[in-house]
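Trainee: Okay, here's the structure, questions in a sec.
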């Protein structure tokens, strides 16, 4: 009987010990969460959604975690240095936005878990081996940047019925833009449109890019999602409006800033979901065991005020498909 009792006690001890240890660790440990991006800031809505997601799992900044932020200020050459700083600071997990920064984080550490929030086409750019089995130390959320291009051009053509020539603004420094340009060309051919690729690497090149669009007499513009373009959303909208160019984007932030239309996933929701990954990793899960997820919700957003300024009448059929309409 003593042996049986000892066995029961031992079994219960082994069962409860990890739970007790985890509770003690969470109560006494302040984890370091590194936030890292190519740009100069994170969107306010996205950061708020990330904090909300963490709070839902019991993570409170200043109590059981602290944020360590690093911004490359649009300088790609600084990415490796900033990753090295996060590694030296021994952060427990790196949360990274933008494809270029995610790749830099992957190359900079093989031991620290990495949660990539919104890089397009994570498999195509070599960030993970596959969505179901990411392998290595990277996981997170990847959106269908390439697959969405065809639908974005289709919506733009529906908004501009006489559209014959469309420009595609891309950033050659963005590793996701090459496959998206190829998809845009295929989609344009299928819709009977002439495609005009236009590039801008820096904000100083945007004026020249828009001038090139007007010179080639395009009837509309698709702006591929890029952190630099998003940071210049207001300026891009002004340039497009001044040049009389109906413009489609992948992020609704551009529409709020005065752009005509956007079609893509709600990124704040992706940041909120990123907190789920961080929670699992801080509780012991391995990135290699956490499948990369893709958004299932996409929103069409239209700015009627901008349409009016461009002399466009948005078809009722398109308005009925819109998830949000700014008036």
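Trainee: Restricting region 219-236 to residues that are farther than 15 Å from residue 200 by Cβ and in contact with a strand residue (DSSP E or B) (Cβ under 8 Å, 6 or more places away or on another chain), which is surrounded by the fewest Cβ atoms within 10 Å (Cβ to Cβ)?
Mentor: 219
This table checks each residue for (1) surrounded by 14 or more Cβ atoms within 10 Å (Cβ to Cβ); (2) outside the structural domain of residue 240 (by TED's automatic domain parsing); (3) touching a helix residue (DSSP H, G or I) at 6+ places or on another chain (Cβ under 7 Å); (4) part of a loop (DSSP other than H, G, I, E, B).
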site	(1), (2), (3), (4)
272	yes, yes, yes, no
277	yes, yes, no, no
281	yes, yes, yes, no
306	yes, no, yes, no
314	yes, no, yes, yes
320	no, no, no, no
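Trainee: Okay, moving on. Would you confirm, using the coordinates I've provided, whether residue 165 is touching a strand residue (DSSP E or B) at 6+ places or on another chain (Cβ under 9 Å), modelled with pLDDT under 95 and more than 30 Å from residue 113 (Cα to Cα)?
Mentor: No, not satisfied.
Trainee: A further question on this structure: Just a yes or no: is a residue in region 51-59 closer than 16 Å to residue 140 by Cβ and not in a loop (DSSP other than H, G, I, E, B)?
Mentor: yes
Trainee: Please state which of the following conditions residue 282 fails to meet, knowing it meets all the rest: (1) under 20 Å from the mean Cα position of the chain (by Cα); (2) more than 19 Å from residue 160 (Cα to Cα).
Mentor: All conditions pass for residue 282, except number (1).
Trainee: Right, something else. Being touching a helix residue (DSSP H, G or I) at 6+ places or on another chain (Cβ under 9 Å) and assigned to a loop (DSSP other than H, G, I, E, B) is the filter here; which residues of region 114-127 pass it?
Mentor: Matches in region 114-127: 117, 118, 119, 121, 122, 124, 125, 126, 127.
Trainee: Now a separate question. Residue pairs, Cβ under 7 Å, 6 or more apart or interchain, first in region 202-219 and farther than 17 Å from residue 241 by Cβ and assigned by TED's automatic domain parsing to the domain that holds residue 75, second at pLDDT 95 or above and surrounded by fewer than 14 Cβ atoms within 10 Å (Cβ to Cβ). List them.
Mentor: none
Trainee: For region 164-270, which helices (runs of 4 or more DSSP H) that fit wholly inside it have 1 or more residues that are under 20 Å from the mean Cα position of the chain (by Cα)?
Mentor: It comes to 177-190, 227-231, 233-242, 252-256.
Trainee: Whether any residue in region 148-162 is outside any helix (DSSP H, G or I), touching a strand residue (DSSP E or B) at 6+ places or on another chain (Cβ under 8 Å), crowded, with 23+ Cβ neighbours inside 10 Å and at pLDDT below 95 is what I want to check.
Mentor: no
Trainee: Would you call residue 51 at pLDDT 90 or above and closer than 15 Å to residue 284 by Cα?
Mentor: In short, no.
The values are calculated or read from the model by the stated rules, or taken from the named source; none is laboratory data. Note that the structure is predicted; figures quoted are calculated from it, not measured. Virtual Cβ from ideal backbone geometry, glycine too; neighbours counted across all protein chains shown.
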